[in-house]
Amino acid sequence: MGLYRTQDGGEGWELLYAGSSPQEGKARFVAYDRRREGRILLGTARGLLESNDDGESFNLLTGTQLSGATIHHITIPEEHEGMVLVGTSRGVFRSMDDGRTWKWIFFETLQAANYVEMMAVDPADENHIYLATGDGIYVTQNGGKTWLRGGGLLFTGDWTHSLVVDPLDGNHVFTASFRNAWESFDGGKTWQVIYIDNGEWWIRQITHDPHDRRSFWLLTSSEMWKFTEGQKTERINREKLEKLKR
């Protein structure tokens with residue numbers, strides 16, 4: 001039903017963009033460009049839109065087959081000026097000039113692999129990119145010219161949906177499937193399990209702590225965990241969560 005905005009912490013909402021068609025009205029992902037004030041990118045079920053006035057107006061960005069693709073994720077790396085990555089059901093598109101022109105850098109014959117859930121970029125190397133797809137992890141060291149499966153055959157056929165790179169070390173990366181969370185220290189070549197869930201809930205997201213770059217958070221549909229370098233992994237219960245909220 002379109003894109004909504006709140007400016008009072010969620011008490012009230014206003015419709016910013018309803019879409020020019022039912023598919024375009026399905027807002028799937030919103031990304032703020034922290035390099036340019038007022039710029040927002042909106043991913044829909046039919047294409048990518050741009051606003052340069054904090055969402056007051058939007059225009060459709062075109063290029064290759066991006067304008068008709070279903071958008072799943074948008075990455076705007078603060079460290080790499082001009083770079084934008086868009087993950088779709090047709091693979092990955094990249095712009096190096098803030099969205100004026102686009103290049104299709106990832107496409108596989110296997111449809112599940114083309115379904116890109118999330119992307120992450122090495123903060124020190126714009127050519128080092130990770131993808132979480134419907135068929136595992138893919139990694140490139142040369143800006144998309146060639147891709148290798150992260151972990152070899154480890155994630156083949158496994159739907160991976162979360163991906164986060166350590167802001168202090170581009171070779172340190174986390175990923176998650178619906179049940180398990182994994183960690184790699186060598187750029188995705190080898191992985192070790194850090195969380196296994198045999199219950200009825202599933203992993204929703206992994207993210208780094210914006211206040212402590214040594215820490216990462218894992219959220220499931222039932223619980224939350226905090227991982228901190230050099231410290232014991234901490235399970236966040238309801239009492240601790242209420243304290244964090246305050």
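Brief remarks follow.
- Condition check for A120: in contact with a Ser or Thr (Cβ under 8 Å, 6 or more places away or on another chain) and at negative phi: yes
- Restricting attention to segment 111-132, the residues being under 19 Å from L66 (Cβ atoms) and assigned to a loop (DSSP other than H, G, I, E, B) number 1.
- Segment 156-211: number of residues that are in a strand (DSSP E or B) and acidic (D, E): 4
- Segment 164-181, subset modelled with pLDDT of 90 or more and crowded, with 22+ Cβ neighbours inside 10 Å, residue nearest to H72 (Cα to Cα): T175
- Residue in segment 62-73 that is of a type outside the set (V, I, T), within 15 Å of A31 (Cα to Cα) and more than 19 Å from the chain's Cα centre (by Cα) present: no
- Of the residues making up segment 133-155, those that are in a loop (DSSP other than H, G, I, E, B) and either open to solvent by 50 Å² or more (accessible area, probe 1.4 Å) or touching a helix residue (DSSP H, G or I) at 6+ places or on another chain (Cβ under 9 Å) (or both) are G134, D135, Q141, N142, K145, T146, L153, L154.
- Of I196, I137, I236, all but one fail to be within 21 Å of A112 (Cα to Cα), in contact with a Lys or Arg (Cβ under 9 Å, 6 or more places away or on another chain) and not acidic (D, E); the exception is I137.
- Of everything in segment 83-92 that is touching a Ser or Thr at 6+ places or on another chain (Cβ under 7 Å) and under 17 Å from E24 (Cβ atoms), the residue that is least open to solvent (accessible area, probe 1.4 Å) is T88.
Here is a yes/no grid of residues against (1) surrounded by fewer than 20 Cβ atoms within 10 Å (Cβ to Cβ); (2) free of Cβ contacts under 8 Å to residues at least 24 places away in the same chain:
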| site | (1), (2) |
| --- | --- |
| T62 | yes, yes |
| I71 | no, no |
| E81 | yes, no |
| D97 | yes, yes |
| W102 | no, no |
| T109 | yes, yes |
| M118 | no, no |
| P123 | yes, no |
| L131 | no, no |
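The values are calculated or read from the model by the stated rules, or taken from the named source; none is laboratory data. Computed from a prediction, not measured in an experiment: that's the story for all the values here. Here the Cβ is made from the backbone with ideal geometry for all residues, glycine too, and neighbour counts use every protein chain on show. To get the accessible areas, we keep the full protein, side chains included, count just its heavy atoms, and leave off ligands, DNA and RNA. Shrake-Rupley method; radii C 1.70, N 1.55, O 1.52, S 1.80 Å.
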